[in-house]
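The values are calculated or read from the model by the stated rules, or taken from the named source; none is laboratory data. Nothing here was measured: the structure is a model prediction, and the numbers come from that model. Cβ coordinates were reconstructed from backbone atoms using ideal geometry, including for glycine residues, and neighbour counts include every protein chain displayed.
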Amino acid sequence: MNFRAPVAVTGLGCLCAAGNTLGECTETLFTGRRSPSPPGRFSTTHPVSYPVFEVPDAALSESAGEEAGLLRTSRLALAAAREAVADAGWSSADLGALRVGVCVGTTVGSAMNNEEFYRQYREGGRPEMTPIERFLLSNPAAAISRAYTLNGPCQTVVNACASGTDAIGLAASWIRAGLCDLAIAGGADELCRVTYNGFISLMIADTEPVRPFDSTRRGLNLGEGAAMLILESEALRRQKKGRARAFVLGYGSACDAYHLTAPSPEGTGLRRAIEEALETSGVAAAEIAFVNAHGTGTPDNDRVESRVLCDALPQVPFFSTKGYTGHTLGAAGAIESALTVACLERREIPASVGFSLPDPDLPGRPTEIAVAIRGRVALSESLAFGGNNAVIIFGSGDNS
């Protein structure tokens, strides 16, 4: 297997609070407008409301048949997959004749939304099994594979907030190894009461709109959504004579195992992941045009990430998109990958919304205005609980 062979990205799909399509999401990044609000799909007894970034139910209203019975994470994944498949110019019949793999990252993954079932069970009742049947049908990778009648490798990756980035890196390795001709790869995650309460209990959620890298940052806002990338082998792309929107050039993954939730103060794992991604891509640090940072708005994450970026990629502009999307957990790396490609195509990166007051403890600051870019290579990174770090490097496509 040639670990350095570029893998073509021929289609993209994305939906989150910033928009119902990748085009809508990209335009939102350059408007400065965002609209976090209290949760609308569940309630809690917290005396203080914490804003979240929800996907409107209307974005999923066309579900029918088996899809209508799936849990929300899988429906988000399918919506993003449909956009990506159409963007790449494929039909369901086309995909059925190819070796197509599916790799989807998630964390919540619909697993925590059956509270009523477990409550009844613990109280000695005999609840209906419908919620469990829905859960068993709602593995997001399997749901996509069934929807398109695919026969390639199928895997759901659960590695905290690095899941979406890891899924794309893994799927690219399938293409390089010849395990499939095409892969649908990305991430999906939904908002639910359990994760909402969990992040509040960890005291890393903010009661105001998130402010990544800002001196006044106090934590994250949760979000939900999905993004999918269509990855194709070079042989398939030549046969189809299709265009590439971008190329996956490199991928790195490293765990520093410092703490269950906090990153290593030295950023040990993130540094290794960046080094591995650069090595496998054959790209020099100086060639990176910009970084789509993890940028959660939590004090520790932003401090470590800023220091590592200024050391490993000095003078490279960086920004966080979480001020528009919220932290979408297992979907975050995939959504940010799709937006990274969109920014490469646009030749411009947005301001890091929410940032206004530099932190004297951070060596660098994110973009404060939209900036035109000259390079053809960009990096997207994810820092996750458990010290898990994942980095992916994209190169501009055929027509960029």
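The single residue among ALA143, ALA171 that is more than 18 Å from the chain's Cα centre (by Cα), among the small types (Gly, Ala, Ser), under 30 Å from LEU98 (Cβ atoms) and in a helix (DSSP H, G or I) turns out to be ALA143.
Can you confirm whether PRO209 is surrounded by fewer than 22 Cβ atoms within 10 Å (Cβ to Cβ) and within 22 Å of the chain's Cα centre (by Cα)?
yes
Could you check, for region 118-130, whether at least one of its residues is buried (at least 22 other Cβ atoms within 10 Å of the Cβ) and either in contact (Cβ under 8 Å) with a residue 12 or more places away in the chain or more than 25 Å from the chain's Cα centre (by Cα) (or both)? Before the answer, list the steps.
Within region 118-130, the subset buried (at least 22 other Cβ atoms within 10 Å of the Cβ) is none.
No, region 118-130 contains no residue that is buried (at least 22 other Cβ atoms within 10 Å of the Cβ) and either in contact (Cβ under 8 Å) with a residue 12 or more places away in the chain or more than 25 Å from the chain's Cα centre (by Cα) (or both).
Helices (runs of 4 or more DSSP H) fully within region 26-122 that include at least 1 residues being closer than 30 Å to THR207 by Cα and modelled with pLDDT under 85: 115-122.
Residue-wise test of (1) in a helix (DSSP H, G or I); (2) in contact with a Cys (Cβ under 8 Å, 6 or more places away or on another chain).
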{"residue": "ILE335", "(1), (2)": "yes, yes"}
{"residue": "LEU339", "(1), (2)": "yes, yes"}
{"residue": "ALA342", "(1), (2)": "yes, yes"}
{"residue": "GLU345", "(1), (2)": "yes, no"}
{"residue": "VAL353", "(1), (2)": "no, no"}
{"residue": "PRO363", "(1), (2)": "no, yes"}
{"residue": "GLU368", "(1), (2)": "no, no"}
{"residue": "ARG374", "(1), (2)": "no, no"}
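Cβ-Cβ contacts under 6 Å between residues 6 or more apart (or on different chains), taken from a first residue in region 161-189 that is among the β-branched types (Val, Ile, Thr) to a second residue that is surrounded by fewer than 24 Cβ atoms within 10 Å (Cβ to Cβ), are listed as ILE175/SER233.
Which one of ALA226, ALA246, ALA257 is in contact with a helix residue (DSSP H, G or I) (Cβ under 6 Å, 6 or more places away or on another chain) and either surrounded by fewer than 24 Cβ atoms within 10 Å (Cβ to Cβ) or without any contact (Cβ under 8 Å) to a residue 40 or more places away in the chain (or both)? Exactly one residue qualifies, and that residue is ALA257. What number goes with the only condition from (1) modelled with pLDDT under 95; (2) not in a loop (DSSP other than H, G, I, E, B); (3) not β-branched (Val, Ile, Thr) that ALA378 does not pass? So ALA378 meets the others, but not (1).
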